[in-house]
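Right, one structure below, let's go through it.
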Amino acid sequence: MNGVATIRSVGHDLAAKAVQVAVAKGGEAGCPLVAAVVGATGELVALLRATGAPFPSSQIAQDKAYTAASFKVPSPDVYKMVAGNPALSGGIAAKPGIAMFGGGLPIAIAGEIVGAIGVSGGTEEQDTQCANAALISIGATQY
């Protein structure tokens, strides 16, 4: 090796299972959702949109996942990190792809963050519950 660290990222099989579980959980609650999984570097790995999910939810789910993967914390924690600094919070919020509200969770397996899931279409609580159900289904840490 040349000293370059390998970045481990969530694979397609786990990502596909995660989005299926999140969307099914939303369906059980009568809430059509969109779920997106990104890898450790923020690239889209899987996306599933339930019939009837709000159209903007496709991009919002991806943004929540990207935010959680980028900062390695649940998406609402990013807001908590920057809320006391108007310049920082305004600057971060203005960046494309950043969503600082509930529904984005890192995917941590065996203590290593390998990506994130974002869920959109319900309330923040519903989105987060469905994202956690997906994490449980793939053996990842629940938030």
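The values are calculated or read from the model by the stated rules, or taken from the named source; none is laboratory data. Everything numeric in this text was worked out from a predicted model, so none of it was measured. FYI the Cβ positions are ideal-geometry reconstructions off the backbone, even for glycines, and counts take in every protein chain you see. Note: areas computed on protein heavy atoms with side chains; ligands, DNA, RNA excluded. Shrake-Rupley method; radii C 1.70, N 1.55, O 1.52, S 1.80 Å.
Summary table
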{"read-out": "Phi to ³J(HN,Hα) by Karplus 6.51 cos²θ - 1.76 cosθ + 1.60 over segment 43-56, Hz, x for Gly, Pro", "value": "6, 5, 10, 8, 9, 9, 10, 6, 4, x, 5, x, 3, x"}
{"read-out": "Built amide H within the under 5 Å cut-off of Ile107, gap 5+", "value": "Val114, Gly115, Ala116, Ile117"}
{"read-out": "Euclidean distance between Cα centres, segment 96-143 to segment 1-67, Å", "value": "8 Å"}
{"read-out": "Volume in Å³ per residue [convex hull over Cα atoms, computed for segment 28-143]", "value": "95 Å³"}
{"read-out": "Pairs beyond 25 Å (Cα-Cα), from Lys17/Lys64; Lys17/Lys80; Lys25/Lys95; Lys25/Lys80", "value": "Lys17/Lys80; Lys25/Lys95; Lys25/Lys80"}
{"read-out": "Accessible-area composition of the chain, carbon plus sulfur, in percent [1.4 Å probe]", "value": "59 percent"}
{"read-out": "Surface accessible to a 1.4 Å probe, per residue, for the residues of segment 10-136, Å²", "value": "45 Å²"}
{"read-out": "Net charge dipole size for the chain [Lys, Arg +1 and Asp, Glu -1 on Cβ; Debye, nearest 20]", "value": "160 debye"}
